[in-house]
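Right, one structure below, let's go through it.
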Amino acid sequence: MKLLIVDDEELTRNGLIASIDWNSLGITEVLQADDGVHGLEIARLNKPEIILCDVRMPRMTGIAMLERLEKLLPDSVPIFMSGYSDKEYLKAAIKLKAVNYIEKPLNPDEVRDAVLEAVSLYEQKLRSHRGEVLHSQETATRLALKLTLPASSGDSAIQELCMELGQPELLDPGMNFTSVIVKINATVEIPRATLKNIQNDIALFLEHYHLKCLFAEKRVQYLVHHIYGSNSLSPATLSAVGSYISRQYEVCGKHMIAAGNTVTDISTAYQSYASAVILLQSCFFFPVQTFLTDSFIRQLPTKPALPDSLQLPESTFSKYLLAGDENGASQFLDELFSYYDCNHTFMPNQIRDLYYQLFNALSAARKKNQVASDSREKAALIVDTLDDAFTYAELHAALKEKTAQYFEDAKNSQPENSTIFMIKDYISRNYMNDTLSVKDISNHVYLSASYVCTFFKSETGQTLNQYLTEYRMEKAKQLLSDPRYKISEISSKVGYTDGNYFGKSFKKYSGFSPSEYREKMS
């Protein structure tokens, strides 16, 4: 803590500084001033927690100085010193909440006790403020979440929260509300302190526009900002606010951001939130960090009707894959992207369903044309690929990559015995089953277990069990690169009910334990 001594007598100031062990009282810095004017200046610059000042001084009295500092440093604790037993000064000291009033000549022990009392009072004030701030933040969050739900006019819960927050102006019928929602990547964990700093920065920025913000999180990855003020946001102001908010969230990685329509009256704030939610769905079709607003969408050119070449996308794509027509497939994918990119008339789930069919068409073409994939391929499961795509562009890029890999594998693969292909295909669809056995595989291809083992080894150079283990280990590697999955979950996903046995098998195969491999990949 800092302590400021204000006294026009230099001997008094120096005597006090020399006669007391300030560190033992929790005072780390002692400042001094020779009158009220200088005391006021030094207090403004250094913000001392405790002010020990004389009552009567030239140019400005201690009373006048502290009256002016009361608004600037409301929590600082004053201690008055005076050589005059003047009741009026004593009354002023009480009014200014002076912790003590020490008469001159000063007794160092009395000063020491007064400072200790002042330190205790200041710490008590801090604890009280922290509690008030925490309670205020919790109330603001509850109100922000309440505004994400439909509310009727005169909603008593909203009214109570506004009053508890100490902001009755929120209930003014002319108050304007605009919801801005940021969606972050669910796989990225954001520290609470980082989010708090972002909120504080946004609040400070909004002050320039005479605006305030209520903040809430929904389902981890949705960050809701209810921006409000007595003036409606102009398009230019909304653009500046959205751009600033987006820049603050850059530390959280890729994100989407959308603003709802501005509404008047807190009872209709939900309408702004709901319109922002709808726009946020459209963000999927635009580059990350594109700030979507209703006016932005209205200015976009209208997309033409779905071209004939895309009317039956799955069958068209399959035709090119099965015919080995790489140029046709590439042209089809380019047309597909050109049509759906920045096309806000669709919902993300519609496109994910479409791409699920196209990924399945790739798998079906591999099976029909007997194009074997490398078991070490780091391709994720189709569902994982769909879930991992944060934007439409990412989803399309994944399909293009798999399509290119298909044609590459088709060029390089040698015609494989149909029985071997059937065995590998069966394993690719059942490796996660912990009871999968040689007997199951042999039954699938209508051969005896002993013949299947001998035949597979002669054709591939591997035993059936070696191939199955290798396939499972490569799938485990893929899953270990995704932090969403626990190692125990990965073990069961690749057909191991015993986690310890899985760990030993993985280390024997890769040279690393599962946790070591994950750390190496991160």
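Each value in this text was obtained by applying a stated rule to the coordinates, not by laboratory testing. No experiment lies behind these values; they were computed from the predicted model shown. When we count neighbours, we look across all protein chains shown, and the Cβ atoms used for this are built from the backbone with ideal geometry, even at glycine.
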Convex hull per residue volume in Å³, alpha carbons only, for region 2-126: 92
Modelled FRET efficiency - R0 30 Å, Arg68 with His210, Cβ distances, 0.05 increments: 0.65
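Which shape class, rounded, prolate or oblate, goes with region 115-214 when its Cα gyration tensor gives a ≥ b ≥ c as root eigenvalues, a/c under 1.5 marks rounded, and past that a/b bigger than b/c marks prolate?
The shape class here is oblate.
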Ordering of 387-396, 47-56 by burial proxy (mean other Cβ atoms within 10 Å per residue, highest first): 47-56, 387-396
Residue-span extension gain [Ser156 to Lys218] - 0.36 nm each, minus C-alpha spacing: 20.1 nm
Förster radius 25 Å - calculated FRET efficiency between Ser234 and Ser136 (Cβ-Cβ, nearest 0.05): 0.25
Tilt relative to the chain, helix 269-282 - C-alpha long axis, 0 to 90 degrees, to 10: 40
Loop GluC sites (Glu not before Pro), region 149-198, which have at most 15 other Cβ atoms in a 10 Å radius of their Cβ (DSSP): Glu189
Per-bin percent of Cα-Cα distances, region 409-469 [10 Å]: 21, 57, 19, 2
Where only alpha carbons of the chain are counted, the Rg and the Dmax (Å): 35.5, 113
Rounded to 5, the percent of DSSP beta bridges in the chain classed as antiparallel: 50
Descending Cα extents along the principal axes, region 271-361, whole Å: 51, 24, 22
Whole-angstrom gap from region 13-48 to region 388-466, using each part's C-alpha centre: 80
Relative contact order (%) - region 308-521, alpha-carbon pairs under 8 angstrom, separation at least six: 17
Selection from Leu126, Ser505, Ile190, by position along the positive dipole direction of the chain (Cβ): Ser505
Theoretical FRET efficiency, 1/(1+(r/R0)^6), r = Cβ-Cβ of Leu121 and Arg192, R0 30 Å, to 0.05: 0.45
Of Lys319/Lys424; Lys424/Lys486; Lys457/Lys507; Lys2/Lys71, pairs whose Cα-Cα distance is over 22 Å: Lys319/Lys424; Lys424/Lys486; Lys457/Lys507
Simple spin-label estimate for Tyr426 and Thr264 in nanometres, 7 Å along Cα-Cβ: 7.3
Cα convex hull volume per residue for region 147-298 (Å³): 111
Spherically averaged projected area of region 308-521 from its Cα convex hull (nm²): 13.2
Signed unit charges on C-beta, dipole axis of the chain, positive-most listed residue Asn327, Ile297, Leu147: Asn327
